[in-house]
Structure formats: structure tokens, C-alpha cells
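The structure under discussion appears below in the form of C-alpha cells.
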Amino acid sequence: MTTRFTPGGPVTAPFHDRDTGRRLIERIGDKLRALGATERDPIRLMEICGGHTHAIFRHGLAGVLPPGVEFLHGPGCPVCVLPMGRIDDCVAIAEDPRVILATFGDAMRVPGSKKSLMQAKADGADIRMVYSPLDALALARRNPDREVVFFGLGFETTMPSTALTVLRAEREGIANFSLFCNHITIIPTIRAVLDSPGMRVDGFIGPGHVSMVIGLKPYRFIASHYNRPLVVAGFEPLDVLQSVWMLLEQIGRGTAAIENQYSRIVPEDGNPQAQAAIDAVFETRDFFEWRGLGSIDESGVAVRERYARFDAERRFAVESPAVADPAGCQCGDVLKGGLKPWQCALFGGACTPETPIGALMVSSEGACAAYHQYGGLRKGAA
């Protein structure tokens with residue numbers, strides 16, 4: 001159940017209620033007409049999180065909304081932005097015969113410059129898919145004669161569980177566990193998008209899961225400095241529709257504020273315990289390389305010196321070479337909202353979920369995978 005679906009006052013409705021959805025779509029249409037938005041000159045809203053991209057396609061929202069609103073698919077898929085050099089480092093660690101590499105499943109098929117983790121596993125590397133970093137720690141307990149390395153990745157959503165696992169490894173004195181840290185942060189990424197030359201974003205659908213951890217305050221610069229509204233949204237179809245309506249309300253009033261549609265889950269100040277765990281274990285890197293986006297200042301984290309014995313980058317020789325994306329791959333333009341997936345020459349031909357060339361075709365949160373899976377292959381689907 002959720003609330004605030006119409007401007008007439010609080011309304012409680014199931015998340016998939018058709019009548020409520022129709023009313024919201026009508027209200028959105030009214031707002032778009034009042035704003036003079038058209039298919040040729042639409043209101044451009046960027047959903048930062050790949051989970052929202054898939055919700056939009058899975059529920060057919062792009063097809064039922066009036067043509068005066070356009071969704072841009074932002075850089076909120078952590079697997080999709082892993083640069084080839086970091087995948088190459090991970091493969092090199094995994095191919096060390098002393099190592100068991102533990103990773104989330106959606107990272108297995110991300111292409112490196114030579115091979116993916118899936119291909120390395122087929123070549124004999126001991127790579128195991130896990131559901132949490134605690135599973136990797138359990139592997140270390142069961143295999144005291146092997147080095148167990150967890151491939152840590154994700155935005156602030158997954159950072160706390162990784163940090164807490166490192167703290168637990170310290171408490172238990174587990175010496176054969178380490179972390180190959182590729183965690184990244186959402187705020188510098190949004191800033192990089194807003195600073196992109198020629199980029200026009202009228203408002204943001206904010207990430208629900210990340211915001212559970214960091215809260216609303218870190219987004220305030222979007223409204224105060226860039227004069228853009230952001231609405232943190234849930235992932236049900238009515239959540240997304242309500243968030244669109246809330247953004248259009250702000251745009252219509254000429255205001256820019258940070259609002260919370262997902263208040264049933266996201267507290268104003270986030271999760272202090274999770275933030276404390278992150279601060280204890282991680283420190284900000286000066287810069288971090290992103291696939292398709294280049295180097296972004298202070299956009300990644302590394303393991304603090306205090307926990308250096310759990311840092312795989314210190315235990316193993318990693319080079320992190322800068323590797324250019326394959327010729328013809330336009331993931332960077334898609335990640336910044338400057339290009340639709342189907343406008344890439346490789347989309348649906350050389351690059352498919354079965355044979356991915358770009359990382360956006362790999363992950364379940366990737367924009368290209370969403371277009372391919374839910375029918376966006378036809379031009380103009382969103």
C-alpha cells in the first residue's frame with residue numbers, strides 16, 4: 001500500500017491498481033499539456049537507477065505515458081560501469097592458483113579486454129558465485145589453505161554489507177579473506193552527468209536503494225546548485241508514475257527540491273549504522289575510472305589502511321590498466337543519457353545479452369539489456 005497518488009489528497013491503493021494508474025497517467029498528461037511539452041520537445045527525466053529502467057520497461061510505462069515525457073537512462077548500474085582494466089585485474093587475481101574468487105553472478109559476463117570471469121572460469125579459474133560477501137567469508141572459513149577474494153562492487157546499497165563483512169573477518173581473525181574493492185558512489189556520478197556539455201536533464205528519478213543508506217541530504221546540491229528537482233522513488237509501477245507526476249508538479253511551479261516518494265522505505269537521514277560501517281572501512285579514492293565515462297573525481301572508495309590486510313589490491317599485484325572500450329561501442333553516451341541503446345550500431349546485432357560487447361548489455365540493470373528484453377529493439381520504443 002502507498003499514498004499521495006493524486007493532488008486531491010492522500011489516496012491509498014495497491015501498487016498495481018489500474019484505476020489509480022489511469023488517473024495518474026491522466027494527471028501527467030494534464031501537466032505535460034500545461035507545460036507545452038511535446039514529442040519533439042519533451043520533458044526529459046533521468047532515472048538514475050537501473051532498477052527503475054527495468055521497472056519502466058517491465059510494466060510498459062514508457063508506452064502508456066503521453067509523448068511529452070522522455071526517459072533518459074542514467075549511470076546507476078554498477079556492473080555496467082566497471083572498466084575493462086578492473087575486469088582484467090579481477091581475472092588476473094582469479095587465475096592465481098592460490099585463489100578462490102567469489103563474485104555476484106551479474107559480474108560474471110562483463111567483458112574484459114581479453115576475457116570475462118565466465119571465460120576465466122571455463123579456462124579453469126576457481127570462481128564461485130555468491131549471494132553476499134558473508135558467503136565469501138564462509139568460503140574462507142571452509143578453505144583455510146586458500147586465499148578467498150571477494151569481488152566487491154556496487155553503489156552505497158551494497159557497501160554496508162561488504163564493510164560489515166570486513167569487520168567480521170577482523171573480529172574472527174580470518175587471515176585468508178580479502179576484498180577486491182570496486183565500490184563506487186552515486187553523488188559524484190550525478191554531478192558528472194549534470195556537468196556534461198550539452199546535456200539537458202529536467203529532473204531526476206532518484207535511486208531508492210542507495211537512498212535507504214545515504215538519505216536525502218546528499219542530493220540537495222542538485223536543487224540548490226543546478227536548479228533541478230529530484231524525487232526518490234520506489235520500484236512499483238505506481239511508484240514510478242507518482243514520481244513522474246511529482247517532478248512535473250515541481251517543474252510546473254518553477255521550483256527545484258528534493259522529495260521522497262519512497263518514504264515507506266527511505267528515511268530522511270538514511271541508515272546511520274550502515275553509514276558508520278562504510279566510514280569505518282572505506283575511504284574516498286582521489287579518482288576512479290568508469291567504463292564509458294572516464295575518470296570521475298572522488299567517485300570510488302578504497303579499503304582504509306587500518307584494514308590493509310583485507311585489501312586484495314595490496315595482497316596481489318594489480319595494474320588497473322586503462323583500456324578503451326571496443327570500437328563502435330557507445331555505452332558512455334547511453335550512460336549519460338545522450339543516446340538511446342537502439343541508436344548504437346552494435347545493438348541487437350553484434351551486441352546481444354548472449355554475446356555482449358558493451359557492459360550495458362550484460363547486467364539485469366543495464367539499459368541495453370532492458371531495451372533488448374522488453375521490446376525496445378524497435379526504434380522509438382522509449
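Structure values in brief
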| item | result |
| --- | --- |
| Those residues of region 107-117 which are surrounded by 19 or more Cβ atoms within 10 Å (Cβ to Cβ), farther than 14 Å from Asp325 by Cβ and not polar (S, T, N, Q), in sequence order | Ala107, Arg109, Leu117 |
| Region 136-194 - residue that is among the hydroxyl-bearing types (Ser, Thr, Tyr) and in contact with a strand residue (DSSP E or B) (Cβ under 8 Å, 6 or more places away or on another chain) and, of those, modelled with the lowest pLDDT | Thr189 |
| Residue that is surrounded by fewer than 24 Cβ atoms within 10 Å (Cβ to Cβ), touching a residue at least 40 places away in the same chain (Cβ under 8 Å) and either under 17 Å from Gly292 (Cα atoms) or in contact with a Pro (Cβ under 9 Å, 6 or more places away or on another chain) (or both), where the choices are Val193, Val166 | Val193 |
| Residue list for region 169-188, filter: part of a helix (DSSP H, G or I) and surrounded by fewer than 24 Cβ atoms within 10 Å (Cβ to Cβ) | Glu170, Arg171, Glu172, Ile187, Pro188 |
| Test: residue in region 301-318 that is over 23 Å from Pro160 (Cβ atoms) and of a type in the set (Asp, Glu) | no |
| Filtered residue count, region 195-205, keeping only those that are closer than 17 Å to Ile43 by Cα and at pLDDT below 95 | 4 |
| Filter result for the condition that a residue is surrounded by fewer than 19 Cβ atoms within 10 Å (Cβ to Cβ), under 22 Å from Gly154 (Cβ atoms) and among the charged types (D, E, K, R), over Arg304, Arg309 | Arg304 |
| Residue among Ile48, Ile100 that is farther than 17 Å from Leu339 by Cα, in the same structural domain as Ser243 (by TED's automatic domain parsing), β-branched (Val, Ile, Thr) and crowded, with 19+ Cβ neighbours inside 10 Å | Ile100 |
| Any hit, region 190-200, residues being acidic (Asp, Glu) and touching a Gly at 6+ places or on another chain (Cβ under 9 Å) | no |
| Residue in region 252-272 that is surrounded by 15 or more Cβ atoms within 10 Å (Cβ to Cβ), modelled with pLDDT of 95 or more and either of a type in the set (Lys, Arg) or within 30 Å of Val110 (Cα to Cα) (or both) present | no |
| Residue, farthest from Lys217 (Cα to Cα), within region 262-291, restricted to residues that are aromatic (Phe, Trp, Tyr) and in contact with a helix residue (DSSP H, G or I) (Cβ under 7 Å, 6 or more places away or on another chain) | Phe282 |
| Members of region 128-163 that are surrounded by fewer than 24 Cβ atoms within 10 Å (Cβ to Cβ) and either assigned by TED's automatic domain parsing to the domain that holds Pro353 or under 21 Å from Asp88 (Cβ atoms) (or both) | Arg128, Met129, Glu147, Gly154 |
| All strands (runs of 3 or more DSSP E) inside region 39-154 with 2 or more residues being touching a Pro at 6+ places or on another chain (Cβ under 6 Å) | 43-49, 69-76, 147-154 |
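The values are calculated or read from the model by the stated rules, or taken from the named source; none is laboratory data. It should be emphasised that the depicted structure is a prediction, and the values quoted were computed from it without experimental measurement. Virtual Cβ from ideal backbone geometry, glycine too; neighbours counted across all protein chains shown.
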